[in-house]
Structures are given as structure tokens and as C-alpha cells.
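Encoded as C-alpha cells, the structure appears first; notes follow it.
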Amino acid sequence: MSDGADDPTGLEVRLLRYVERFAQVLEESGVPRMPARVFAYVLAEDRDRYTAGELAEGLRVSPAAISGAVRYLVQVGLLTKEREPGMRSDLYRIDDQDVWSRIFLQRSDVLSHYEKAAAEGVETLGAATPGGRRMRESQLFFAFLRDELEAVMARWREHRSQLDPDR
């Protein structure tokens, strides 16, 4: 994006407004505010790699605000960090090959964790107790949801390949 001076269409302003709206959706679903803004920016902006300084400049925030955000996004697998030979700055990028299915498949691990925790509850409380029955229902629900998520992602990949055979 440009610095705005040579941007007669206001594309940069429209981008930043959109980034804020999309970041708010991410934030409402549990992503911390600054990581949500950085992820929305990287997703919507045209470049494929950014230094922390470029992210700060693009979002019009301090480099310190970017530091924690990119650390969070790298830890949760939404950004990758790399370095070019001779560069002093790390580069951050999003692997935009089917990013959303990768994000949702990460939820499968969370669902497995919930399922195991619920199974432990059944074992601890006993399947015949009201609490044990609720934990068994939870265990079955998480197992079902995990299986369905994996099936939906397989259907998505098939659907996506039909929409865009070059991918």
C-alpha cells in the first residue's frame, strides 16, 4: 500500500477501515486485539512478507505493539517467522494456501483435548452418576464434532479444487 499521498482512491484508508472491522470480528471470537489487527492486515494487504516495522507503519501503531502481536500469531501458527540472508529484521508472513482450513483443523486438536478431559471425568465420576453422564455426553459430543470437522475439511478441499483447479 502507499503512504496515502499518492493514493487518490483512498485504498489505504479503505484497507485500514476494513482491517479494523475484520479484527473486531476476530476479537469477538477470542483473538486478542492487536494480534487480531495484525492478522487481519496481513490477510487483507497485498504483500506476502512484512518486517515488524512495516506492520507498525501499515497499521499506524508503535513497533512495541507489533512485537507482542507477532509473537502471539507465530505461537498459534497464524504467521510464520523467517529471515533473509543479510537482513537484520525478521520477516513475517501468512501461508495463504488454504489458511482457514488449517486454522480450523487446529481446532481438532483442541476438541481432542476436550474429549480426553471429558473421558477422564467419566472415569473419575463414574458413568452412572449425573455428572458422569453429563461428562460422557460431552465426550461423545467432542468426538462427534472432531470427526465432523475433519470430514468437512476434506469436503472443503474437494470443493476448493473444483473451484480453482490450479491450487
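Report yes if some residue within region 30-38 is in a strand (DSSP E or B) and not aromatic (F, W, Y); otherwise report no. Walk me through how you get there before you give the answer.
First, the residues of region 30-38 that are in a strand (DSSP E or B): none.
No, region 30-38 contains no residue that is in a strand (DSSP E or B) and not aromatic (F, W, Y).
Tell me whether region 138-155 contains one or more residues that are in a helix (DSSP H, G or I), of a type in the set (G, A, S), modelled with pLDDT under 95 and closer than 27 Å to L26 by Cβ.
The answer is yes; a qualifying residue exists.
Of everything in region 13-31, what is among the hydrophobic types (A, V, I, L, M, F, W, C) and without any contact (Cβ under 8 Å) to a residue 12 or more places away in the chain? Give them in sequence order. Please lay out each step first, then the result.
Of region 13-31, the ones among the hydrophobic types (A, V, I, L, M, F, W, C) are 13, 15-16, 19, 22-23, 25-26, 31.
Within region 13-31, V13, V25, V31 qualify.
Are any residues in region 105-131 out of contact with any helix residue (DSSP H, G or I) (no Cβ under 6 Å at 6 or more places or on another chain) and closer than 19 Å to V74 by Cβ, and if so, which ones?
Q106, R107, D109, V110
Only one of (1) at pLDDT below 90; (2) closer than 27 Å to Y50 by Cα; (3) touching a helix residue (DSSP H, G or I) at 6+ places or on another chain (Cβ under 9 Å) fails for L79. Which number is that?
Looking at each condition in turn, L79 falls short on (1).
Would you check which residues across region 37-63 are in contact (Cβ under 8 Å) with a residue 40 or more places away in the chain, more than 15 Å from E20 (Cβ to Cβ) and exposed (fewer than 12 other Cβ atoms within 10 Å of the Cβ) and list them?
Across region 37-63, the qualifying residues are D46, D48.
Step by step: first the residues of region 79-94, then only those that are closer than 30 Å to E158 by Cβ and touching a residue at least 40 places away in the same chain (Cβ under 8 Å), then the one that is surrounded by the fewest Cβ atoms within 10 Å (Cβ to Cβ). Which residue is that?
We begin by selecting, within region 79-94, every residue closer than 30 Å to E158 by Cβ; these are 79-80, 93-94.
Checking which are touching a residue at least 40 places away in the same chain (Cβ under 8 Å) leaves us with 79, 93-94.
On the way: L79: 23, R93: 14, I94: 17.
The qualifying residue surrounded by the fewest Cβ atoms within 10 Å (Cβ to Cβ) is R93.
Only one of these is among the charged types (D, E, K, R), assigned by TED's automatic domain parsing to the domain that holds M135 and either modelled with pLDDT of 95 or more or part of a loop (DSSP other than H, G, I, E, B) (or both): E20, E84, E120. Name it. Outline the logic, then answer.
On the way: E20 fails: assigned by TED's automatic domain parsing to the domain that holds M135; E84 fails: assigned by TED's automatic domain parsing to the domain that holds M135.
Being among the charged types (D, E, K, R), assigned by TED's automatic domain parsing to the domain that holds M135 and either modelled with pLDDT of 95 or more or part of a loop (DSSP other than H, G, I, E, B) (or both) holds for just one of E20, E84, E120, which is E120.
How do the pairs read when you match residues in region 95-106 that are on the phi > 0 side of the Ramachandran plot with residues anywhere that are outside any loop (DSSP other than H, G, I, E, B), using Cβ under 9 Å and keeping only pairs 6 or more apart or on different chains?
Pairs found: D98/W156; D98/R157; D98/R160.
Identify, by number, the condition in (1) in contact with a Lys or Arg (Cβ under 9 Å, 6 or more places away or on another chain); (2) assigned by TED's automatic domain parsing to the domain that holds R146; (3) surrounded by 14 or more Cβ atoms within 10 Å (Cβ to Cβ) that A127 doesn't meet.
(3)
The values are calculated or read from the model by the stated rules, or taken from the named source; none is laboratory data. As the structure is a prediction and not an experimental result, all values here were calculated from the model. Methodologically, a virtual Cβ is constructed for each residue, glycine included, from the backbone with ideal geometry; neighbour enumeration extends over all protein chains shown.
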